[in-house]
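Asks: Here you go, one structure.
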Amino acid sequence: MKTSYELVSDSPTKRIYEAVKRIPKGKVATYAQVAKMAGNPKMCRAVGNALHKNPDFENIPCYRVVNSKGELAGEYAFGGAWAQKELLEADGIEVINGKVDLSKYGVEI
């Protein structure tokens, strides 16, 4: 069964989800990198909105997206406080004081 976003032939949101799916395990990307991967480097805010509405958490690893400083999302996201940290650590990514070292774990695009 196709999810609702797969039924859309092309949209910024679908391109965002497809970009996030390309972030490999053990790596993170910033909102700006996801926007660039999705074809429009200026749509960082759209990336945040799309990830907040993620329709397929099992296949779209939105927890691998961090801000430009490597900081994790606020408590509202990813199922509550520290959920993103736990998911990243399960991927083998070290989180120190709510931040990820982008020079070590950031994707190259």
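Asks: Choose one of Ala90, Ile60, Thr13: the residue whose Cα lies farthest towards the positive end of the charge dipole of the chain (beta-carbon charges +1 Lys, Arg; -1 Asp, Glu; about the Cα centre).
Replies: Farthest along the dipole direction, towards plus: Thr13.
Asks: Further, regarding this structure: With charges set only on the Cβ (+1 for Lys and Arg, -1 for Asp and Glu), what does the dipole of the chain come to about its Cα centre, in debye to the nearest 20? Don't jump to the answer; show the numbers that get you there.
Replies: Values: 16 positive and 13 negative charges, 80 e Å.
Dipole of the chain, to the nearest 20 debye: 380 debye.
Asks: Still on this structure: Give or take rounding to whole Å, what are the principal axis extents of the alpha carbon atoms in the chain, in descending order?
Replies: The Cα atoms of the chain stretch 39, 27, 21 Å along the principal axes, largest first.
Asks: Next up: Summing -39500 (n - 2.57) over the DSSP H runs of n ≥ 4 in the chain and dividing by its residue number, what mean residue ellipticity at 222 nm do you reach, to the nearest 500 deg cm²/dmol?
Replies: Details: 5 runs with 38 residues, N = 109.
Mean residue ellipticity, 222 nm, calculated: -9000 deg cm²/dmol.
Read the figures in this text as sums done on the coordinates, not as results from a lab. What you see is a predicted model; the values in this text were computed from it and never measured. Virtual Cβ from ideal backbone geometry, glycine too; neighbours counted across all protein chains shown.
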